[in-house]
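Read the structure below first, then the notes.
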Amino acid sequence: CGLNGSPHPEYGVICLMISGLCDMFDGKVARTKERTVPEKNFGIQIDSLSDLICFGILPSVIGYAVGMNSIIDLPILLVFPLCALIRLAYFNVMEEERQKSTTDVRKVYEGLPVTSVALLLPLLYSFKKDIGIEIFPTIYGIALLLIAVAFITRFKIKKPGMRTMLAF
C-alpha cells in the first residue's frame, strides 16, 4: 500500500518477477553443495513452500489489489493458490519417485509449472492500461482461473534451458 493506504499492485508484480528470477538459480546453487539425503529432501520441501507463497499466494493478493474484491472473485482468489498447492505437492511426490529411479536431469514438466506465473502475470499486467482499468480485474481473474486449471491438468511441457529462461 502507498502512504495514503491505496493499493499498489505493481509492487507485487515486481516482487513476482524478482521471485521468478531468484527461482531460476536456486536449484543450480543447491546442486553445487554436498548434501545428505535428508538435506536434499528438506531443500525440495522448502523450495516448494517458497514457490507456493511467491507463485501461488502472491498472484491472488495482486488480484485483490487490482480490484478482484467482489463475492464472485473470492472463489478464484482461493482456487488459484489451492491449485498451485496441489501442483507442487504432486510434483514433489513424482520428483521423489523419479529421483529413486534415475539421476538424469528432468527434461519435461507435467502440467504448467507454478513458476510460470512469474512470466505470464507480469506480461498481462504490462497491458493493464491497454486492456482498460475497468475490465482488467475481470481479465486478470480469467487468467488466474485458466492458469490454475493448467497447474492441475496433465500435459507435458518441455523444460526450458537456462538460455531460454534468461531470454524470458
Straight distance only, please: which aspartates and glutamates reach the Cα of residue 129 with their own Cα at less than 15 Å, same-chain residues fewer than 8 apart left out?
10
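For the chain, give the magnitude of the charge dipole about the Cα centre (Cβ charges: +1 Lys/Arg, -1 Asp/Glu; no others), in debye to the nearest 20.
On the way: 17 positive and 15 negative charges, 129 e Å.
Here the chain has a charge dipole of around 620 debye.
Over the chain, with every protein chain in place, what whole percent of the accessible area is carbon and sulfur at 1.4 Å, could you tell me? Could you put the intermediate results ahead of the total?
Values: 7390 of 10720 Å².
That share works out to 69 percent.
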Dimensions (Å) - region 1-66, Cα atoms, principal axes, largest first
49, 17, 16
Efficiency of FRET from Cβ geometry, residue 119 and residue 96, R₀ 22 Å, rounded to 0.05
0.25
Ignoring everything except DSSP H segments at least 4 long, calculate the 222 nm mean residue ellipticity for the chain; use -39,500 (n - 2.57) per segment, divide by total residues, nearest 500.
-21500 deg cm²/dmol
Along the charge dipole of region 1-155, pointing to its positive end and built from +1/-1 on Cβ of Lys, Arg, Asp and Glu, which listed residue (48, 77, 32) has its Cα farthest out?
32
Take residue 11 and residue 157, extend 7 Å from each Cα along the Cα→Cβ direction, and tell me the distance between the two endpoints in nm.
2.9 nm
Hull surface divided by four, with the convex hull built on the Cα atoms of the chain: how many nm²?
11.1 nm²
For the pair residue 40 and residue 138, the simple spin-label estimate (label points 7 Å beyond Cα toward Cβ) gives in nm 5.1 nm
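So with the 1.4 Å probe, I'd like the accessible area per residue for the chain, rounded to whole Å².
On the way: 10720 Å² over 168 residues.
Result: 64 Å² of accessible area for each residue.
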Residue 158: which lysines have alpha carbons under 22 Å from its alpha carbon, excluding same-chain residues fewer than 8 sequence positions away?
28, 100, 107
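The values are calculated or read from the model by the stated rules, or taken from the named source; none is laboratory data. None of the values given here were measured: they were computed from a predicted structure. Neighbour counts run over all protein chains shown; Cβ positions are idealised from the backbone, glycine included. Please note that ligands, DNA and RNA were not included when accessible areas were found on the heavy atoms of the full protein model with its side chains. Shrake-Rupley method; radii C 1.70, N 1.55, O 1.52, S 1.80 Å.
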